[in-house]
Ligand code: ARG
């Protein structure tokens, strides 16, 4: 049990004895300032108000009933009715020694694992993955790792776009190339160029455009030759994605791909079901659902269009089919959608309609996890220097190259192989970490210098901090496996480090609940900082044996925690850099 959970439980119990309703929240948080203690309970005021009691008086009754002397050596009422808690150093020392023995760093598996569908990455296969796909892919993957670590049953769903009118144009272009060129995979080695050239033909050549439209129809009516061509294209495009995932160290595999086309046969029945339930209305020939919830202030409703005039289905129809599949076939308790904030309205509508139609159970939680845009320094969405969309694979290549030059200049004595490997790890980590460390919902500016800097909340800073701790442990020349478990917290810096270490599991919980990995980044950055302060004030290698052993245990715990935290973010560590 982490400190927050423990304090919440104890204080809540005391609140109930003091007359509060069952389950009144104690709202325990880490204190923002040392003078407020280590933790603060903020729930007293709200409950006192409900009980029509003076909050400070109620707080006193809670304290009178609070059984906490084993954990804290001072508890006080502050301001309008906050409770400040000062933890006992002896207790922290015992806890941190216990955590050290525990391979999971005291993060317990949840008692009731959920089945959680995580919809992430989900690129459109007509084009190559670009910088816009970075966020969904790395944030989603980090949350997936965290949820799995907590013992949940996670089902990854890569809802790739592999259907729709653009494919007619691409197939027509493939067909044309076939007549002149056998080696189609060569031409498709750069999908971006392929798409651009196909589009050019489509815009400039009327016969080509006609053929493209014919092929869409043929594809949708299941023409075998056409499907074979399409299959070939999709396979190549997915292979491109997989190369990017591999480079990024992302856990998505082919078996997690559940493409839009997989729902083709369900779409008509989704519409029929909506109709049976009286939810459908015809509007200008299209089949729509109008929901009161989505009326603007003039009472005009933006409908969900589920079938176009002429019979075509839409992105929305597929998402409804996916929702039904996830509930009926996968049986999920919670669905997380890591998709651009610009699709927020779409998901509000789909979730509301999915519930109305009974496609999902009322108790199933549906959560759109929106994210902001990656911006250039000009304040517009990030582009390459030539003004095109930045291909993700090219960006990752560049990152590795830049990181390589950086470390090569600092370490002239390392072998080329080692430098290349460090360049790879640091380069990829920098791009991922720059993204993960920003609040998910805000836009951020893509900036090479900032993300590759060894100062501030960056990957190079954290990776370097980790390698420093690892090297201190190595230089101690002690058999770390046989170190006794006793930890003494004498200096303030030792105590601060120990508490920080115990807060790892709180960061894990926060990422899992809110789907926001920046909480983990902030935690690791703090931890590295607290360690550096500790190391400056409390020498390890030169201390006498007992002190050395205690401090070394704190260092080992720091290294393990940094490595595990970075691992949950999907970032590799280096023992030397
Ligand atoms: N392919 C879509 C796009 O690139 C994202 C799909 C997200 N997932 C979903 N279930 N709609 O915008």
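The rows are residues; the columns are (1) within 16 Å of the ligand (Cβ to nearest atom); (2) under 18 Å from residue 10 (Cα atoms); (3) touching a residue at least 60 places away in the same chain (Cβ under 8 Å); (4) not in a loop (DSSP other than H, G, I, E, B).
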residue	(1), (2), (3), (4)
48	no, yes, no, yes
61	no, yes, no, yes
76	no, yes, no, yes
93	no, no, yes, yes
103	no, no, no, no
106	no, no, yes, no
109	no, no, no, no
121	yes, no, yes, no
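Screening 553, 527, 541 for residues that are in the same structural domain as residue 491 (by TED's automatic domain parsing), out of contact with any strand residue (DSSP E or B) (no Cβ under 7 Å at 6 or more places or on another chain) and not in a helix (DSSP H, G or I) leaves exactly one candidate, 541. Of the candidates 434, 408, the single residue that is assigned to a helix (DSSP H, G or I) and more than 27 Å from residue 383 (Cα to Cα) is 408.
Scanning segment 319-335 finds one or more residues that are closer than 30 Å to residue 445 by Cα and touching a strand residue (DSSP E or B) at 6+ places or on another chain (Cβ under 8 Å). Within segment 332-352, residues that are closer than 20 Å to residue 512 by Cα and outside the structural domain of residue 439 (by TED's automatic domain parsing) sit with their Cβ atoms under 9 Å from residues that are modelled with pLDDT under 95 and in a helix (DSSP H, G or I), at 6+ positions apart or across chains, in these pairs: 340/132. When the criteria are applied in full, residue 117 fails the requirement of being within 16 Å of the ligand (Cβ to nearest atom), within 17 Å of the chain's Cα centre (by Cα), at pLDDT below 95 and not assigned by TED's automatic domain parsing to the domain that holds residue 238. Does residue 239 satisfy the condition of being more than 16 Å from the ligand (Cβ to nearest atom), surrounded by fewer than 19 Cβ atoms within 10 Å (Cβ to Cβ) and under 15 Å from residue 123 (Cα atoms)? Answer is yes for this residue. Can you tell me how many residues within segment 365-393 are over 30 Å from residue 326 (Cβ atoms) and exposed (fewer than 15 other Cβ atoms within 10 Å of the Cβ)? Within segment 365-393, residues that are over 30 Å from residue 326 (Cβ atoms) and exposed (fewer than 15 other Cβ atoms within 10 Å of the Cβ) number 8.
If I filter segment 137-155 down to residues being surrounded by fewer than 21 Cβ atoms within 10 Å (Cβ to Cβ) and either under 13 Å from the mean Cα position of the chain (by Cα) or in a helix (DSSP H, G or I) (or both), which single residue comes out as farthest from the ligand (Cβ to nearest atom)? If we take residues in segment 137-155 being surrounded by fewer than 21 Cβ atoms within 10 Å (Cβ to Cβ) and either under 13 Å from the mean Cα position of the chain (by Cα) or in a helix (DSSP H, G or I) (or both), then 149 is farthest from the ligand (Cβ to nearest atom).
Here 250, 271 are screened, and the one residue that is farther than 27 Å from residue 197 by Cβ and out of contact with any strand residue (DSSP E or B) (no Cβ under 6 Å at 6 or more places or on another chain) is 250. Out of the residues in segment 306-323 that are over 19 Å from residue 160 (Cβ atoms) and buried (at least 16 other Cβ atoms within 10 Å of the Cβ), state the one that is nearest to the ligand (Cβ to nearest atom). Applying the filter and picking the extreme gives 306. Any chance segment 195-217 includes a residue that's within 16 Å of the ligand (Cβ to nearest atom), surrounded by 16 or more Cβ atoms within 10 Å (Cβ to Cβ) and on the phi < 0 side of the Ramachandran plot? Within segment 195-217, one or more residues are within 16 Å of the ligand (Cβ to nearest atom), surrounded by 16 or more Cβ atoms within 10 Å (Cβ to Cβ) and on the phi < 0 side of the Ramachandran plot.
In the set (1) in contact with a strand residue (DSSP E or B) (Cβ under 7 Å, 6 or more places away or on another chain); (2) outside any helix (DSSP H, G or I); (3) in contact (Cβ under 8 Å) with a residue 60 or more places away in the chain, the condition left unmet by residue 11 is number (2). Note on segment 251-270: residues that are surrounded by fewer than 18 Cβ atoms within 10 Å (Cβ to Cβ) and over 25 Å from the mean Cα position of the chain (by Cα) total 5. Considered as a group, the residues in segment 156-168 that are part of a helix (DSSP H, G or I) and surrounded by 20 or more Cβ atoms within 10 Å (Cβ to Cβ) include one that is farthest from the ligand (Cβ to nearest atom), and that residue is 168.
Scanning segment 324-348 for residues that are under 22 Å from residue 288 (Cβ atoms) and away from the ligand (no atom under 11 Å from the Cβ) turns up 324, 344, 345, 348.
The values are calculated or read from the model by the stated rules, or taken from the named source; none is laboratory data. Everything quoted here is computed from the prediction, not taken from an experiment. All Cβ positions, even for glycine, are placed from backbone atoms using ideal geometry, and neighbour counts span all protein chains on display.
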